[in-house]
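The block underneath contains the structure these notes are about, expressed in structure tokens.
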2 protein chains.
Amino acid sequence: MSTSVLDMSMSLDGYIADPHDFLGGDDGERLHKWADLPSEPVARFQDEWNAAGAVLAGRRTAELMDHWGGDHGGLPIFVPSHRPPGPAARWGYPLVTYVTDGIESAMAQAKAAAGDKDVQVRGAYTAQRALEAGVLDEVQIHQIPVLLGDGRRLFDVLTSQIELEIVRVIDTPEATHIRYRVRR
Amino acid sequence: MSTSVLDMSMSLDGYIADPHDFLGGDDGERLHKWADLPSEPVARFQDEWNAAGAVLAGRRTAELMDHWGGDHGGLPIFVPSHRPPGPAARWGYPLVTYVTDGIESAMAQAKAAAGDKDVQVRGAYTAQRALEAGVLDEVQIHQIPVLLGDGRRLFDVLTSQIELEIVRVIDTPEATHIRYRVRR
């Protein structure tokens, strides 16, 4: 059975990007620095990322990334949106599917495409909609020991209280990696 | 030497209280539920809280708590504020000191009073001012596996990037307890 996972590097003050969508800090990469260091935990996360079978991406994120060039490392991409896709996504990218009848439908299609593998969820807004709709299964946070003071928050438009269960904590000097299961 | 510590229970989405200053969730106590369970980690944190020698409290927090009745479990309380204290703090509470010449001065006075013990920092706004002024030494976060969706954030008015060092992670089902040292 497929599991939908939001995987995000987040500062202690809750930011996942600076105000210009870079990854924080003076060099614009502060939040992802941990993943550049070769280590056992990093290798494990890379295995988990590579185990995905489909991507569900928010439209803003998908367009910002130009739909990852049409696929996400070979994976199909599903974009929930009430507006029709732009030209590239409509005609140029056969692996990109815009889903106009809601996030539940988009997730169902992504899980069907992923088979036994995970669905990676991309984009803070869409992740929060998936949480509220009850279709996000797990949240993997890489909590970075930095306060950025400004930027884009991961959680800022959530309208309901959601309980989580701590599944796994990996403690490294570069980040505290906490995996949560969403309680239903 | 005295260490200044901010100790806070925080939801994964960064809230330390609901919009009405209660501790979150339907029962108004969600964020502190972990501390009610008898356990080795809870006992250890209670020891740490009891090892404090003085309190530095933001004015809003101090007034909201009526200055903890004049002392904080017997500890002296220092309140940085540019306005003079209200009547109770001025005449009724000999252990409460309002400090009008800045947070650095307030912290110096609190550390002098604490001796070798810790200074507990209370109040999100004041903690952020202490961080920016370089007088907060450590941050102990009890990260609670819940998304509250609304409330008062711990970090929301920080104007500079601040690097932290992970000192200790205690992994329990009820909370992930992460202690940070502030890098200078």
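Of all the criteria given as (1) of a type in the set (A, V, I, L, M, F, W, C); (2) in a helix (DSSP H, G or I); (3) within 14 Å of the chain's Cα centre (by Cα), the one not satisfied by A:Val55 is (2).
Just give me the residues in the stretch B:161-184 being more than 20 Å from B:Arg129 (Cβ to Cβ), under 19 Å from the mean Cα position of the chain (by Cα) and surrounded by fewer than 16 Cβ atoms within 10 Å (Cβ to Cβ), in sequence order. Of everything in the stretch B:161-184, those that are more than 20 Å from B:Arg129 (Cβ to Cβ), under 19 Å from the mean Cα position of the chain (by Cα) and surrounded by fewer than 16 Cβ atoms within 10 Å (Cβ to Cβ) turn out to be B:Glu165, B:Val167, B:Arg168.
A single member of A:Ala88, A:Ala124, A:Ala114, A:Ala108 is touching a Phe, Trp or Tyr at 6+ places or on another chain (Cβ under 9 Å) and either buried (at least 23 other Cβ atoms within 10 Å of the Cβ) or of a type in the set (Gly, Ala, Ser) (or both), and it is A:Ala124. Looking only at residues in the stretch B:142-155 that are over 19 Å from B:Tyr180 (Cα atoms) and part of a strand (DSSP E or B), the one that is farthest from the other protein chains (Cβ to nearest Cβ) is B:Arg152.
Could you check the stretch A:161-184 and list, in sequence order, the residues that are facing chain B (nearest Cβ under 7 Å), polar (S, T, N, Q) and outside any strand (DSSP E or B)? Once the filter is applied, which keeps residues that are facing chain B (nearest Cβ under 7 Å), polar (S, T, N, Q) and outside any strand (DSSP E or B), the stretch A:161-184 yields only A:Gln161.
Only residues that are closer than 15 Å to B:Ser4 by Cα and touching a helix residue (DSSP H, G or I) at 6+ places or on another chain (Cβ under 7 Å) were counted across the stretch B:127-144, and they come to 5. Among the residues of this structure, A:Leu158 does not count as one that is within 14 Å of another protein chain (Cβ to nearest Cβ), surrounded by 16 or more Cβ atoms within 10 Å (Cβ to Cβ) and modelled with pLDDT of 95 or more. When the residues of the stretch A:41-72 are filtered to those that are farther than 17 Å from A:Tyr125 by Cβ and in contact with a Ser or Thr (Cβ under 9 Å, 6 or more places away or on another chain), the one that is modelled with the lowest pLDDT is A:Pro41.
A residue that is more than 14 Å from chain B (Cβ to nearest Cβ) and part of a strand (DSSP E or B) can be found somewhere in the stretch A:122-141.
Looking only at the stretch B:16-34, decide whether some residue is away from every other protein chain (no Cβ under 14 Å), exposed (fewer than 13 other Cβ atoms within 10 Å of the Cβ) and not in a loop (DSSP other than H, G, I, E, B). No, every residue in the stretch B:16-34 fails to be away from every other protein chain (no Cβ under 14 Å), exposed (fewer than 13 other Cβ atoms within 10 Å of the Cβ) and not in a loop (DSSP other than H, G, I, E, B).
The residue of the stretch B:127-160 that is farthest from the chain's Cα centre (by Cα), among those that are closer than 19 Å to B:Phe45 by Cβ and among the hydrophobic types (A, V, I, L, M, F, W, C), is B:Val146. Scanning the stretch B:66-114 for residues that are in a helix (DSSP H, G or I), touching a helix residue (DSSP H, G or I) at 6+ places or on another chain (Cβ under 8 Å) and on the phi < 0 side of the Ramachandran plot returns B:Ala88, B:Ala89, B:Gly92, B:Ile103, B:Glu104, B:Met107. All conditions but one from (1) part of a strand (DSSP E or B); (2) surrounded by fewer than 20 Cβ atoms within 10 Å (Cβ to Cβ) apply to A:Arg44; the one that does not is (1).
The values are calculated or read from the model by the stated rules, or taken from the named source; none is laboratory data. Here the structure is a predicted model, which is why all the values come from computation and not from measurement. Here Cβ is always computed from backbone atoms with ideal geometry, including for glycine, and neighbour counts include all displayed protein chains.
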